[in-house]
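Peer 1: After the structure tokens below, expect a handful of questions from me.
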Amino acid sequence: MLGPGGYVRDILAMPVGSSVGISGWVKTRRDSKGIHFAQVNDGSCMQDLQLVIDDGVLTAETLALVTTGASVTATGELVASPGAGQSVELKVTGLAVHGGADTVAYPLQKKGHTMEFLRDIAHLRSRSNTFGAVFRVRNAVSYAIHRFFQERGFIYVHTPVITASDCEGAGAMFGVTTLDMQNVPRTQSGAIDFSQDFFGKPAYLTVSGQLEAEIFALAFSNVYTFGPTFRAENSNTPRHLAEFWMVEPEMAFCDLAGDMRLAEDFLKYVIRYVLDTCLADIEFFTKRIDPTVLGTLEHVASVDFEHVTYTEAVDILERAGRNWEFPVEWGCDLQAEHERFLTEETFKRPVIVTDYPKQIKAFYMRANDDGKTVRAMDVLAPRIGEIIGGSQREERHDVLQARIMEQGLDLEPYWWYLDLRRFGSVPHAGFGLGVERILMYLTGMKNIRDVIPFPRTPGSAEF
RNA sequence: UCCCCGUUAGCUCAAUGGCAGAGCGUUCGGCUGUUAACCGAAAUGUUGGUAGUUCGAAUCUACCACGGGGAGCCA
């Protein structure tokens, strides 16, 4: 096992003359008269370590196995490199090949591949430059998320993945069952008899940890959940997954203004952390994926987000003099084209839209005194649209109960959610952020399937 | 789920009703402290599947599968 100090990233920073050992996968192999070169990468950083192998150091049999894709351990001396691509290189004195890779069959070649092709070989794409960078950034983002909330005293709560409350209304859910699908038990009326199922009632994969996070917020003040969530929607777009990771903070004694402040601080913190720790990867994305990435991130990390109410946003859109594909009028939800106009043309920065009409938002959002709008906020980012959705929650028992009934929902499943408003209720607020959405923003990757290791989408669950 | 586009060598793509092609990769040879090198040669195909039109289909038609873009749903 490699340990601290033994990764390529560490070795590249060592002084010339160091005696080192290195393990990794051969990216390319080149030969010259009497000398052989192999680029080795272990995933620790963008840069490879160049092995220099003089004729006679290895047997012909071993040397023949040092091909693209092979796994090797090499020992030798770190020397200054006369070549252009690197400052140091490893002058090899010994090398072992763990696993060879048939050059004819190995699908990764030196030249660029399309993302679609690489997605089909997701078991190998993580060895490519692009996906190495993507998943290093994904790791950094995950760590930054925990650091941000931990530094602020938030308690990390593990909300359940399986839920029996079909009450979140955030989208279609995946069923979880142990019933025999060939022979489903029926009640006398012909309905599926879930009393015989594992949980004694219908169960699902969660679409959000928010409602459970609220339970914890009303005990620990500030909490966050961070885990996988599931949507069974038949969404076929570059921005949707059936399984994705979501961060959901929930804060007691907090209103919408505090919620928005936290959301903005949070986004800037994550961006700044990635710029500080993954700059080589971000520079790679800027060079190879999207030339605007680095500039955009530096801009967003330093600029104040714009704030507009939904009503103001509709006013701006109505006066824009555009022929909208979806006409704008107060009460309709903002479409992708509207969000783009606000972020990319009107303000040219992230925009927080607040106080949406209550008809187009969820029942748990706190009603405003105007009787028409709720304390909701969406953070819209240039290029990818909605990146965060949040709200102040309705903390008044009677108002919440009326809202649930108004939306035609059963009160019974919400008994515990309503109970929170009977015992020590308090103004509270929170938001949700899709980790893959912010990764698209950070990397410039165009398809959400390329920022999660093993994407699950309608009709596709390979690997 | 809807609209549009696509599917030809390992990869990226040509060939628009008449002999299946190129570049890259791979293999072999040459040259070279190389960096997505360069020069020469070779191997590589059930043209996504099924059915149809036609003397003849990669090419036209229908259906299906898969992929991409846009939309809806949303994070």
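The values are calculated or read from the model by the stated rules, or taken from the named source; none is laboratory data. None of the values given here were measured: they were computed from a predicted structure. Ideal geometry is used to build each Cβ from the backbone, glycine not excepted, and the neighbour counts take in all protein chains shown. Note: accessible area is taken over every heavy atom of the protein model, side chains too, but ligands, DNA and RNA are not part of it. Shrake-Rupley method; radii C 1.70, N 1.55, O 1.52, S 1.80 Å.
Peer 1: Quick one: which of A:Pro427, A:Pro458, A:Pro453 is out of contact with any helix residue (DSSP H, G or I) (no Cβ under 9 Å at 6 or more places or on another chain), more than 10 Å from RNA strand B (Cβ to nearest atom) and on the phi < 0 side of the Ramachandran plot?
Peer 2: Going through A:Pro427, A:Pro458, A:Pro453 in turn, the sole match is A:Pro427.
Peer 1: Another one. Which ones in segment A:33-47 are under 18 Å from A:Glu283 (Cα atoms) and among the small types (Gly, Ala, Ser)?
Peer 2: Selection gives A:Gly43, A:Ser44.
Peer 1: Sticking with this one: Confirm whether A:Phe253 is in contact with a strand residue (DSSP E or B) (Cβ under 9 Å, 6 or more places away or on another chain), surrounded by fewer than 17 Cβ atoms within 10 Å (Cβ to Cβ) and over 22 Å from A:Met365 (Cβ atoms).
Peer 2: no
Peer 1: Can I ask one more? Quick one: what pairs do we get from segment A:71-90, first residue farther than 17 Å from A:Lys27 by Cβ, second near RNA strand B (Cβ under 6 Å from one of its atoms) and in a strand (DSSP E or B), C-beta under 7 Å, 6+ apart or different chains?
Peer 2: A:Val79/A:Glu89
Peer 1: Identify the residue in segment A:232-249 that is touching an Asp or Glu at 6+ places or on another chain (Cβ under 8 Å) and within 6 Å of RNA strand B (Cβ to nearest atom) and, among all such residues, is farthest from A:Glu116 (Cα to Cα).
Peer 2: Step by step, filter segment A:232-249, then rank; the result is A:Phe244.
Peer 1: Surrounded by 17 or more Cβ atoms within 10 Å (Cβ to Cβ) and within 8 Å of RNA strand B (Cβ to nearest atom): does that describe A:Glu89?
Peer 2: Yes.
Peer 1: When you scan segment A:76-109, how many residues do you find that are more than 23 Å from A:Asn447 (Cβ to Cβ), assigned to a loop (DSSP other than H, G, I, E, B) and not hydrophobic (A, V, I, L, M, F, W, C)?
Peer 2: Residues in segment A:76-109 being more than 23 Å from A:Asn447 (Cβ to Cβ), assigned to a loop (DSSP other than H, G, I, E, B) and not hydrophobic (A, V, I, L, M, F, W, C): 10 in total.
Peer 1: Further question on the same structure: Can you run down the residue pairs with Cβ atoms below 8 Å, 6 or more apart or on separate chains, where the first is in segment A:385-408 and without any contact (Cβ under 8 Å) to a residue 24 or more places away in the chain and the partner is part of a strand (DSSP E or B) and among the hydroxyl-bearing types (Ser, Thr, Tyr)?
Peer 2: none
Peer 1: Taking the conditions exactly as written (farther than 26 Å from A:Leu279 by Cβ, more than 34 Å from the chain's Cα centre (by Cα) and either open to solvent by 20 Å² or more (accessible area, probe 1.4 Å) or not assigned by TED's automatic domain parsing to the domain that holds A:Ala140 (or both)), does A:Ala80 satisfy them or not?
Peer 2: For A:Ala80, the condition - farther than 26 Å from A:Leu279 by Cβ, more than 34 Å from the chain's Cα centre (by Cα) and either open to solvent by 20 Å² or more (accessible area, probe 1.4 Å) or not assigned by TED's automatic domain parsing to the domain that holds A:Ala140 (or both) - is not met.
Peer 1: A further question follows. Is it true that A:Val293 is of a type outside the set (Asp, Glu), in contact (Cβ under 8 Å) with a residue 60 or more places away in the chain and out of contact with any strand residue (DSSP E or B) (no Cβ under 7 Å at 6 or more places or on another chain)?
Peer 2: Taking the combined requirement at face value, the residue satisfies it.
Peer 1: Being assigned to a loop (DSSP other than H, G, I, E, B), out of contact with any Phe, Trp or Tyr (no Cβ under 9 Å at 6 or more places or on another chain) and touching a residue at least 24 places away in the same chain (Cβ under 8 Å) is the filter here; which residues of segment A:180-225 pass it?
Peer 2: Within segment A:180-225, A:Phe199, A:Ser208 qualify.
Peer 1: Report every pair of residues separated by at least 6 positions or lying on different chains whose Cβ atoms are under 8 Å apart, first residue within segment A:228-250 and open to solvent by 40 Å² or more (accessible area, probe 1.4 Å), second within 7 Å of RNA strand B (Cβ to nearest atom) and acidic (Asp, Glu).
Peer 2: Between residues of segment A:228-250 that are open to solvent by 40 Å² or more (accessible area, probe 1.4 Å) and residues that are within 7 Å of RNA strand B (Cβ to nearest atom) and acidic (Asp, Glu), the close pairs are A:His240/A:Glu233; A:Trp245/A:Glu436.
Peer 1: Would you check if A:Gly76 is at pLDDT 95 or above and within 13 Å of RNA strand B (Cβ to nearest atom)?
Peer 2: Yes: the conditions hold for A:Gly76.
Peer 1: Among the numbered criteria (1) over 22 Å from A:Ile448 (Cα atoms); (2) loosely packed, with under 13 Cβ neighbours inside 10 Å; (3) away from RNA strand B (no atom under 12 Å from the Cβ), which single criterion is violated by A:Gln109?
Peer 2: Among (1) over 22 Å from A:Ile448 (Cα atoms); (2) loosely packed, with under 13 Cβ neighbours inside 10 Å; (3) away from RNA strand B (no atom under 12 Å from the Cβ), A:Gln109 violates only (3).
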